[in-house]
Amino acid sequence: MKARLLKCSWLLFVPVLLVAGCSPTRFMVNQMDPLMEKMNTAVYKNSDVKMVRDAMPAMLIQLDGLIEVSPDNPDLLIRAAEAYYGYSFVFVENKDRARAGRLYNKSFQYALRALKQDKGMKAAFDGSMEAFNAALNDLDASDVPALFWTANSRLSWAGMNIDDPEIFLVLPKIRAMLERCVELDETYQYGAAHTGLGVLYASRSPAQGGKPQKARQAFERAFELSEGRVLLFHLMYAKYYAYQVQDRKLYVETLNKILSTPADVFPEMAFINSAAKKKARRMLNEVNQVF
């Protein structure tokens with residue numbers, strides 16, 4: 001009887017060993033998500049922008065290595081997309097637009113790999129707008145992170161490559177992805193998809209297809225969802241909407257509001273708020289070059 005029980009116990013472990021035995025390193029990486037979540041939270045709570053700047057390159061390379069081990073892990077792909085986006089936005093785009101464009105593209109490629117794990121999106125992403133919209137309609141709330149970072153990184157890439165004719169082909173799909181994010185879960189990242197739409201609508205003049213009224217409404221919804229505590233949203237409001245409607249007073253008032261608001265008004269977003277304050281100070285110093 002004892003021997004038989006031992007044999008049965010061994011058989012229970014065979015499936016686990018087969019899974020882990022194929023790639024024990026991959027198995028280990030795939031169990032790291034709770035740890036990665038805590039690390040991500042720690043970065044967002046850190047208001048020392050310089051410290052995060054010094055740490056992020058090593059973290060990005062580490063994420064690349066983990067993805068080499070587990071290339072189809074959607075959580076890992078989304079974290080890498082978010083990290084590359086944040087690094088480019090905060091530390092690179094004001095200094096080196098070409099490099100920022102490459103980093104945004106890497107963010108896009110990682111997010112897209114996660115998004116294309118949906119069979120419909122894999123087949124339709126590079127196809128017609130009709131097929132693309134049909135695939136979007138089949139997504140659910142669990143797809144929002146991959147959908148948002150795919151759209152957001154592509155939008156920022158477009159901002160760094162305004163002379164690339166491909167932009168006019170990708171903008172309709174970016175808008176559709178952000179609108180679908182809003183439909184599925186407008187609270188993701190405290191309303192960031194609304195801010196993305198605000199940027200998209202305000203990035204061009206009305207004569208070129210821009211929609212400043214819709215941009216203002218999108219930003220206001222983002223402010224409402226975030227209770228005005230995500231200073232990055234206000235920064236983008238000044239940079240895109242106030243600039244597009246040529247409202248210098250609104251531009252300056254918004255930037256001053258960012259500077260006067262403590263970064264810890266939202267402890268969970270202290271890093272983003274600190275980075276927004278740093279960018280707001282630079283924009284305020286250059287206001288005479290903008291207006």
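What to note about this one:
- For segment 186-291, convex hull volume per residue from C-alpha positions, Å³: 83
- Helical content alone sets the calculated 222 nm signal of the chain at -23000 deg cm²/dmol, taking -39,500 (n - 2.57) per DSSP H segment of four or more residues and averaging over every residue.
- Set of aspartates and glutamates with alpha-carbon distance to Lys277 below 17 Å, sequence-local pairs under 8 removed: Asp48, Glu93, Glu253, Asp264, Glu268, Glu286
- Hydrodynamic radius by Kirkwood, which averages 1/r over all alpha carbon pairs of segment 33-172, in angstrom: 15.8
- Segment Thr187-Lys38, length gained on full extension (0.36 nm per residue, minus Cα span): 51.6 nm
- Convex hull per residue volume in Å³, alpha carbons only, for segment 105-187: 82
- Point-to-point label distance, Asp264-Glu227, nm (Cα→Cβ direction, 7 Å offset): 1.7
- Summary of packing: across the peptides 259-268, 125-134, the per-residue average of other C-beta atoms within 10 Å ranks them, highest first, as 259-268, 125-134.
- Fully extending the segment from Thr25 to Ala131, taken as 0.36 nm per residue of separation minus the present Cα-Cα distance, adds 34.4 nm.
- Across the cross-link table entries Lys211/Lys239; Lys45/Lys119; Lys214/Lys249; Lys173/Lys211, which are compared at the Cα atoms, the separations over 27 Å belong to Lys45/Lys119.
- In segment 54-129, the alpha-carbon atoms span a convex hull of 95 Å³ per residue.
- Relative to the longest principal axis of the Cα atoms of the chain, helix 2-22 runs at roughly 30 degrees.
- Across segment 33-172, Cα pairs under 8 Å and at least six residues apart give a relative contact order of 22 percent.
FYI, it's all coordinate maths here, none of it is from the lab. Computed from a prediction, not measured in an experiment: that's the story for all the values here. Every residue, glycine as well, gets a Cβ built from its backbone with ideal geometry; the counts of neighbours run over all protein chains shown.
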